[in-house]
């Protein structure tokens, strides 16, 4: 009985923290569809052991798929409930090359990453474009689901998924 009460209290706290995170730090969670995820993987055309970052990684769906295919996959998420869910999924799958960081991606340096994936919202894209152009190394790829950068021209497009490359 005490275990059930404790679980309910923890769930209420996590829901409250999630709400606060959404209110102050970003858009609500909306996962990429399976089709969009396939398009992201295809456009990335990455090699095993390349280092990937998913910005606003949610429940870890993109991170997990890249890791299953051999990437060193990192996700950056501020919502504590989603971080917990993603870490549980990764642990259950036994993925040693998938990592979820409870961290605001605006405070992360992406210079060491080969591929960055993103499913943000329109008002984020101008600042994100500026940040990634400053930090990414030449040849690094950015895959954006749905939203485009205002000045950066995509190299390729599959449906609503865009491939950009740092020149």
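Remarks
- Within the stretch 94-107, considering residues that are touching a strand residue (DSSP E or B) at 6+ places or on another chain (Cβ under 6 Å) and not in a strand (DSSP E or B), the one surrounded by the most Cβ atoms within 10 Å (Cβ to Cβ): 105
- Yes/no for residue 156 being touching a helix residue (DSSP H, G or I) at 6+ places or on another chain (Cβ under 7 Å) and at negative phi: yes
- Residue that is surrounded by fewer than 13 Cβ atoms within 10 Å (Cβ to Cβ), out of contact with any helix residue (DSSP H, G or I) (no Cβ under 7 Å at 6 or more places or on another chain) and either modelled with pLDDT of 95 or more or under 14 Å from residue 165 (Cβ atoms) (or both), where the choices are 133, 87, 91: 91
- Any chance residue 152 is within 20 Å of residue 43 (Cβ to Cβ) and in contact with a strand residue (DSSP E or B) (Cβ under 6 Å, 6 or more places away or on another chain): yes
- Among the residues listed as 75, 127, the single one being at pLDDT 95 or above, closer than 23 Å to residue 157 by Cβ and not in a loop (DSSP other than H, G, I, E, B): 127
- Residue pairs whose Cβ atoms lie under 7 Å apart, separated by 6 or more positions or on different chains, with the first residue in the stretch 151-166 and without any contact (Cβ under 8 Å) to a residue 60 or more places away in the chain and the second loosely packed, with under 14 Cβ neighbours inside 10 Å, are 164/155; 165/139; 165/155; 166/137; 166/138; 166/139.
- Residue 116 vs. criteria assigned to a helix (DSSP H, G or I), crowded, with 16+ Cβ neighbours inside 10 Å and in contact (Cβ under 8 Å) with a residue 12 or more places away in the chain: no
- In the stretch 148-165, of all residues being part of a loop (DSSP other than H, G, I, E, B) and surrounded by 17 or more Cβ atoms within 10 Å (Cβ to Cβ), the one that is nearest to the chain's Cα centre (by Cα) corresponds to 149.
The values are calculated or read from the model by the stated rules, or taken from the named source; none is laboratory data. Every value quoted in this text rests on a predicted model; they were computed, and no experiment measured them. So basically every Cβ, Gly included, is an ideal-geometry build from the backbone, and we count neighbours across all protein chains shown.
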